[in-house]
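Colleague: Just passing along the structure, written as C-alpha cells.
The values are calculated or read from the model by the stated rules, or taken from the named source; none is laboratory data. Source: prediction; values computed, not measured. Every residue, glycine as well, gets a Cβ built from its backbone with ideal geometry; the counts of neighbours run over all protein chains shown.
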Amino acid sequence: MKKVTVFFKYKAVSNSGKKIIGYVKAKDIRQASQTIIRKGFAPIYVNRAFYFTKKLQNIDLYFMFDFLARFIKNGVTLDKSLDIIGESNLKCNFLCDDAKSSITQGFSFGEALVQNAEFFDKFNIGIFKIVDRVGSLGEFCQFLANFYKKIAERKEKIKKQLRYPILLTAFFLIAFSLIVKFLIPNIIDLQKHMGVKVSFILRCLFYISSHFLSVLGLSSLIGFSVFYFLVKSNKIHIIKKYRDYRDFSFFFYVSYILLSNNLNLLDAFEIAKESIYNQENLNKIEKICKNVESGNLLSDSFDTFKIDPLATRLVLLYEKSSNLKEGFLIISELFENEMFKILERVAEYAQPISICLLGLLILITLYAMLIPLYNSFFV
C-alpha cells in the first residue's frame, strides 16, 4: 500500500531558545508533534500545511548534497550529517529526517532516497540507486551538489528571460478575449446591416466568440497534450539531446569514480549504467558491455553503437594512451558542458521566438478585423 504523504508546518523553540519555523512529514498531527519533539524542539503550534508541490527543486537538492559533502569530508558520519541538516529550516529537512529514519532501520542511503521517489524528478532515481556503490560518497555528493546548482542557475536565467514575453502574452490574450467577445459580433452585425458578405475568418472568430470558453479550454488541452507527448516520447530534438548529454555525463563520471576505486571496466559499466534514465541509451551501454566482453575494443564498440562521435574519438585516444580513467572524467565534463549549452541556448532564444510568435498572432487578429471593415466601406 502506498504511504500517504502529509506535510505539517510548525513553529517551535530550539534548545537555545530560538524560535524556528519548518515543515515535517507525518501521517497525522500527533506523529508530526512527536517528530518535532525528537528533534529537540518545543512545539508552539503544528498545523497541516498546504504544500502545492511535493517535489524538491534543484536548489533544494544542491543545499542537501553540498552540506552532506562538507560534513562527510570533515569526518561526520552520514546519519549524523542527515540529522544536522534535518534540524535546519531548509525545504529538504523532511527528506533528511526520512532518510535518517530509514538508515536506522537498516536501509542504505540510496535505498532511503529511492523510498522517497515522490520528491524527485524520475531521472534522479537511477542516480540515487548507485549512491552507495560509488565508494566515494563525499566526492559523489559534491558532484551532485555542483550539478544541481548549475541546473538551478540556468533555469533561473531562463525564467528571468521569459518574464517579459509571458507578461506580453498575458496582455495579448486578455485583449484578444475582449476583441473576440465584444468587438467581433458588432463588426459582423454592421456587415450584415450593410448587406456585405461576412468573410470566412470573421465567421471563425464569431464562432470562437460564441463558444469562447469551450474553444479556449479545448485548444489549451490539445496544445498541452501534444507538447507533453512530444516531450515524453523524445520527439523534440533539443530535449532529446539534453537528456542524452545528461545521461552520459553521469555515466562517465560514475565510471571514473569506480575505476578510481580499482574496479575493472565492465564491473564499473554495470554499476554506472544504473544512472542512465533513457532506455535507448541504456540499451546501447548494455550492448557495448557485451561487445567488450567478447574481446572488442571499447572505442570500436562506441563507434558500432553510435555513441557521440567526439566521445568515440576521445575514447579511442585515451584507450591507446592507457588512460581511460582520466578520459572518462574529461568526457563527463564535455557532456555536462554541452548539456548546459543547450539550456543557455534555450534562455537566449526563448524571448525573441516568443515575441515573434506573439507578433504573428497580433497580425492575424488585425488582418481579421481590418480587411473586412475596409471591404465594407471602400469596395
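Colleague: Take residue 189 and tell me if it is assigned by TED's automatic domain parsing to the domain that holds residue 293 and exposed (fewer than 13 other Cβ atoms within 10 Å of the Cβ).
Modeller: Judged against the criteria, residue 189 is a match.
Colleague: Right, something else. How many of the residues in the range 189-215 are more than 16 Å from residue 367 (Cβ to Cβ), in a helix (DSSP H, G or I), touching a helix residue (DSSP H, G or I) at 6+ places or on another chain (Cβ under 8 Å) and at pLDDT 70 or above?
Modeller: Qualifying residue count, the range 189-215: 3.
Colleague: Picking from 266, 258, which residue would you name as being over 29 Å from the mean Cα position of the chain (by Cα), among the hydrophobic types (A, V, I, L, M, F, W, C) and either within 26 Å of residue 139 (Cα to Cα) or outside any helix (DSSP H, G or I) (or both)?
Modeller: Only one candidate passes the filter, namely 266.
Colleague: Tally up the residues in the range 127-169 that are in a helix (DSSP H, G or I) and more than 16 Å from residue 65 (Cβ to Cβ), please.
Modeller: Here the count works out to 17.
Colleague: A further question follows. Could you please find all residues in the range 290-321 being acidic (Asp, Glu) and touching a residue at least 60 places away in the same chain (Cβ under 8 Å)?
Modeller: Passing the criteria: only 308.
Colleague: Here's a follow-up. Among the residues of the range 323-344, count how many are part of a helix (DSSP H, G or I), without any contact (Cβ under 8 Å) to a residue 12 or more places away in the chain and farther than 11 Å from residue 249 by Cβ.
Modeller: 1
Colleague: Determine which member of the set 74, 89 is at pLDDT 90 or above, polar (S, T, N, Q) and more than 13 Å from residue 141 (Cα to Cα).
Modeller: 74
Colleague: Considering only the range 297-316, state which residues are of a type in the set (A, V, I, L, M, F, W, C) and not in a helix (DSSP H, G or I).
Modeller: 297, 305, 307
Colleague: Residues in the range 288-310 that are surrounded by 13 or more Cβ atoms within 10 Å (Cβ to Cβ) and under 20 Å from residue 264 (Cα atoms): how many?
Modeller: So the answer is 11.
Colleague: Next up: So, restricting to strands (runs of 3 or more DSSP E) that lie completely within the range 1-120, which ones have at least 2 residues that are buried (at least 20 other Cβ atoms within 10 Å of the Cβ)?
Modeller: The strands (runs of 3 or more DSSP E) meeting that bar are 6-13, 19-26.
Colleague: From 69, 99, 112, 42, grab the single residue that is at pLDDT 80 or above and outside the structural domain of residue 138 (by TED's automatic domain parsing).
Modeller: Among 69, 99, 112, 42, only 42 is at pLDDT 80 or above and outside the structural domain of residue 138 (by TED's automatic domain parsing).
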